[in-house]
There are 2 protein chains.
Amino acid sequence: MNLIVQKFGGTSVENPETLKIVAQKIIDCKSKGNEVVVVVSAMGSSTDELINLANELSDTPSPREMDMLLSAGERITMSLLAMHLNNLGYESFSLTGSQAGITTTSRHGMAEIENISGERVKEGINEGKIVIVAGFQGVNKETKEITTLGRGGSDATAVALAAALGAEKCEIYTDVEGVFTADPRIVTKAKLIEEITYDEMLEMASSGARVLMARSVEFGRRYNVPIIVKPTFSEGSGTIVKDKVMEQAIVSGVTHNDKEIKFTLFGVPDQPGIAGKVFGPLSENGVIVDMIVQNVSKESKTDISFTAPLEQKSEVENILEKLSTELEAEGADSDPNIARVSLIGAGMKAESGIASKMFSILGENKINIAMISTSPIRISCVVNKDDMQKAIDSLHKEFIEA
Amino acid sequence: MNLIVQKFGGTSVENPETLKIVAQKIIDCKSKGNEVVVVVSAMGSSTDELINLANELSDTPSPREMDMLLSAGERITMSLLAMHLNNLGYESFSLTGSQAGITTTSRHGMAEIENISGERVKEGINEGKIVIVAGFQGVNKETKEITTLGRGGSDATAVALAAALGAEKCEIYTDVEGVFTADPRIVTKAKLIEEITYDEMLEMASSGARVLMARSVEFGRRYNVPIIVKPTFSEGSGTIVKDKVMEQAIVSGVTHNDKEIKFTLFGVPDQPGIAGKVFGPLSENGVIVDMIVQNVSKESKTDISFTAPLEQKSEVENILEKLSTELEAEGADSDPNIARVSLIGAGMKAESGIASKMFSILGENKINIAMISTSPIRISCVVNKDDMQKAIDSLHKEFIEA
């Protein structure tokens, strides 16, 4: 008998009506002879409502209490879903992260899963029951404190649980049809991707595709758990994320990220160890630096540029101001008017000339490239935000539609 | 240093504004040099909202899942309150029932507290922190299942916690000024009771006073923890419930209960063991039988009357229909148009003639008495519901105002 882990996110469990649709998806899976373990998020916007309450009562809510607060959300979803399944004649019960044996690091709000014992989950499976597990939350083994996993946490719970239980696959249900060759809201001709490798999905997630977070894909790759991204509200078969795909496209997708800002430190003395002096303090302060470009040195001075999330603007500016003085640089600057456009494709490894073709297409469209960064299966260009749509359209047309 | 347990119920923690008032009450207590442990309920009507959601998704929600669902409520209150206290500069943290070491029986929805280890509560106290504990909930030691305590559960948590921690007293904050000689909404001249014994408070709670549940008073009596019922939204000193009071009134209060229904089994063969045959099946089916009156036997047949909560009407009727046939009785009848009016007073024990005076007053007011029941410190009369107001007014006037 096959075990399948199904995960349903906020919009799928938004209200009693959508919970009934979710229950039917679960029952369909169970009726095909599978054992089913379900991971759920908090209902719809309930997490945001709790955060708003917290902000009304505290300027800087303690992360420990914030986790206590937010972990109430999944309890509500999971118990309601279990009741409903029971009502439909399917034996079911719910478990908190702690009860499911999900132990994490102690970093509140951004904890990492360390281990999943899953004893009570396994007991439930052996009794033929549908076990519902709270996503997003766990417990620190030493301190017994409740933790939450941060953004994409429920997906991570689902994939890690699938790995721990030796599940055949992990189905991530969402309000879209699956993973597309580009964001369908931006590119009308974007196509659903049927199969994609973990590596490609990781690059897509890291370069702007929001349907699946990188951390859950990493779990899938590490333990070789196939992840299927599927729609809750239709019958589509979705996108399978796995180790190898049958037909490897050269370019699988075009992604974009317009939520970043570009920073530049000008005229930094070009000495060994200078990059560490710049990026050390940024990393220590939790800044998530993305692309980094260092210009060729002129007169023993160089310019260092990098991108970081828009919401970290003021933190980065403060750090750069200090660094500029310390390192005797010529100044610092920031540009929020940028977008990153990336081509992703495992087939690139075996195919030369993709990068130069990309640069040509952008050039033909009179799009200036501000920064370039590559991996074996990705090429990213930072362009002016006003050129983003044209860049995506032209790249999608040449590499995917052609 | 004195330790005080403070409990704040649903209306006291209804929204961020009332939570700020609650925080001030806590800080006032702490600033007087006390250690404070706080017990909270779910916010305002949030429990009812969760119950409504459950009813939308299940005809008969599993009690185990219902407890999982409802226990989310206190988490939200306690973490918000802890954050707010932190924000005001008072170190505070929150603990679930399970984290506070509150172990209970396994009966979901109606669990009884078995033990409170309170280790993490004591640690917090020793560190000078304000510890917030979830009321109403606990965990079963053997099965590790989350339980809830049912109606009045948060009060029970507070008093039991005060007992376990050896607290000086337990303050129960509420939206009224304290315990009154009668319901102030019914009797305009009702007076606040300054001091009352556990025994009297138990009788008052059991005979209609809703401000404090009997189970928490029982804890207070058993462990001799003074309970103070106080207002959240004013500076009143409230009512102290304790072992002995300075000046023992003959009659401390007049209570009423108009949420009961009277049932009668007519012409039951008057044999030994007949009462057991009637009340055994009722008790097994969870019917909370209150007053019982058995008429004098005529021609070896007797009538048995009793009262039970209005909401159990249909269950009781079903059981009585069966019993009537089994016991060869002459029929069963129910009367919802009744009210119970009671006099409570520990002074009655030393004073004779209170009962006959009560009956006379009711008679003078042309109020017919349908049933009578007494304890050493209580006399209850069941009257027609239409006569309730007159009965309470006249008794309050003669025994309390006089």
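All of the numbers you see were taken from the coordinates with simple rules; none came from a lab. Owing to the predicted nature of the structure, the values given are computational and were not obtained by experimental measurement. FYI the Cβ positions are ideal-geometry reconstructions off the backbone, even for glycines, and counts take in every protein chain you see.
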Revision key, fill the gap. Each residue of B:81-91 has, on average, a number of other protein chain C-beta atoms within 10 Å of its C-beta equal to 5
Point to revise | Assigned charges on the beta-carbon of Lys, Arg, Asp, Glu; the stretch A:3-175 dipole about Cα centre (debye) | key: 440 debye
Check your understanding: Among B:257-263, B:79-85, A:99-105, what's the highest-first ranking by average C-beta atoms within 10 angstrom per residue?
Key -> B:79-85, A:99-105, B:257-263
Exercise for review: Output the relative contact order of the stretch B:3-175, whole-number percent, from Cα pairs under 8 angstrom with separation of 6+ residues.
Suggested key: 30 percent
Exercise for review: Give the residue from A:Gln312, A:Leu327, A:Met348 lying farthest towards the positive end of the charge dipole for the stretch A:307-354; charges sit on Cβ (+1 for Lys and Arg, -1 for Asp and Glu) and the dipole is referred to the Cα centre.
Suggested key: A:Met348
**Study point:** Within the stretch B:119-150, backbone nitrogen closer than 19 Å to the virtual label 7 Å beyond the Cα of B:Lys20 toward Cβ
**Key:** none
Exercise for review: Have a look at B:Ala339, B:Thr174, B:Val383 and report the one farthest towards the positive end of the charge dipole of the protein assembly as shown, computed about the Cα centre with Cβ charges (Lys/Arg +1, Asp/Glu -1).
Suggested key: B:Thr174
Check your understanding: B:Lys191 versus B:Asn224, label points 7 Å from Cα toward the beta carbon: distance in nm?
Key -> 2.9 nm
Review point. For the stretch A:93-132, what log10 I(q)/I(0) values come out of the Debye formula at q = 0.33, 0.34 1/Å, with one point per alpha carbon and no solvent?
Key: -1.06, -1.09
Review point. At q = 0.14, 0.22 Å⁻¹, what is the log10 ratio I(q)/I(0) for the stretch B:90-224, with the Debye formula run over Cα points and no solvent?
Key: -0.68, -1.28
Study note, to complete from the structure: Expected vector for the stretch B:330-343, Karplus 3J(HN,Hα) from phi with 6.51, -1.76, 1.60 and θ = phi - 60°, integer Hz, x for Gly and Pro, equals 8, x, 10, 8, 9, 9, x, 8, 10, 9, 9, 10, 10, 9
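Using the per-residue mean of other Cβ atoms lying within 10 Å as a proxy for protection, in what order, highest first, do the peptides A:31-41, B:64-74, B:382-392 fall?
Numbers: A:31-41: 22.1, B:64-74: 25.9, B:382-392: 18.5.
For the peptides A:31-41, B:64-74, B:382-392, the packing ranking is B:64-74, A:31-41, B:382-392.
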Revision key, fill the gap. Length-normalised contact order of chain A, Cα under 8 Å, at least 6 apart, in percent, tallies to 13 percent
Study note, to complete from the structure: Cα pairs beyond 12 Å in the stretch B:68-109, in percent, come to 66 percent
Check your understanding: Using +1 on the beta carbon of Lys and Arg, -1 on that of Asp and Glu, and nothing else charged, what's the dipole of the protein assembly as shown about the Cα centre, debye to 20?
Key -> 640 debye
Exercise for review: Provide a whole-number value for the mean count of partner chain Cβ atoms within 10 Å of the Cβ atoms in peptide B:46-58.
Suggested key: 4
Study note, to complete from the structure: For the pair B:Asn285 and A:Phe266, the simple spin-label estimate (label points 7 Å beyond Cα toward Cβ) gives in nm 8.8 nm
Check your understanding: Which three semi-axes in whole Å describe the equivalent ellipsoid of chain A, each the square root of 5 times a Cα gyration tensor eigenvalue, listed largest first?
Key -> 40, 27, 18
Practice item. Set the Förster distance to 56 Å, then compute FRET efficiency between B:Thr325 and A:Lys366 from the Cβ-Cβ distance, nearest 0.05. Key: 0.05
Revision key, fill the gap. 1/(1 + (r/R0)^6) with r = Cβ-Cβ of A:Lys397 and A:Asp59, R0 = 56 Å, i.e. FRET efficiency to nearest 0.05, evaluates to 0.70
Revision key, fill the gap. Note on the stretch A:3-175: C-alpha Rg/Rh, Kirkwood Rh, two decimals, gives 0.97
Practice item. Count, for each residue of B:9-17, the Cβ atoms from other chains sitting within 10 Å of its Cβ, then give me the mean as a whole number. Key: 1
Exercise for review: Starting at the first residue of the stretch A:36-52, write each ³J(HN,Hα) from the Karplus equation 6.51 cos²θ - 1.76 cosθ + 1.60 with θ = phi - 60°, in whole Hz, x for Gly and Pro.
Suggested key: 10, 10, 10, 10, 10, 9, 6, 5, x, 9, 4, 4, 4, 5, 5, 4, 4
Study note, to complete from the structure: Under 5 Å from the placed amide H of B:Val38, counting only residues 5+ away or on other chains, we find B:Gln6, B:Val131, B:Ile132, B:Val133
Check your understanding: In degrees from 0 to 90, rounded to the nearest 10, what is the angle of the helix A:153-165 Cα long axis to the longest principal axis of chain A?
Key -> 60 degrees
Review point. Got a sec to turn the phi values of the stretch A:54-70 into Karplus ³J(HN,Hα) couplings, 6.51 cos²θ - 1.76 cosθ + 1.60 with θ = phi - 60°, whole Hz, x for Gly and Pro?
Key: 4, 5, 5, 10, 7, 6, 10, x, 4, x, 4, 6, 4, 5, 4, 5, 5
Revision key, fill the gap. Expected sort for A:Cys29, B:Cys170 with the fewest Cβ neighbours (10 Å cutoff) up front is A:Cys29, B:Cys170
Practice item. Mind listing the long-range amide H neighbours of A:Leu3? Cut-off is under 5 Å, sequence gap 5 or more, other chains count too, H placed in the peptide plane at 1.01 Å from N. Key: A:Glu35, A:Glu168
Exercise for review: Determine, from the Cβ-Cβ distance of A:Glu49 and B:Lys32 and an R0 of 35 Å, the FRET efficiency 1/(1 + (r/R0)^6), rounded to the nearest 0.05.
Suggested key: 0.45
**Study point:** Orientation-averaged projected area, Cα convex hull of the stretch A:1-92 (nm²)
**Key:** 6.5 nm²
Exercise for review: Let me know the charge dipole size of chain A about its Cα centre in debye, to the nearest 20, where only the beta-carbon of Lys, Arg (+1) and Asp, Glu (-1) is charged.
Suggested key: 900 debye
Check your understanding: Which number comes out as Rg/Rh for the stretch A:237-341 once both Rg and the Kirkwood Rh are worked out on C-alpha atoms?
Key -> 1.12
Practice item. Rounded to the nearest 10 degrees, what's the angle between the helix B:354-364 long axis and the longest principal axis of chain B, both from Cα atoms, 0 to 90? Key: 70 degrees
Practice item. Return the Rg/Rh value of the protein assembly as shown, two decimal places, where both radii are evaluated on C-alpha atoms and Rh is the Kirkwood radius. Key: 1.10
Review point. Based on the mean of other beta carbon atoms within 10 Å per residue, what is the order of A:234-241, B:158-165, most packed first?
Key: B:158-165, A:234-241
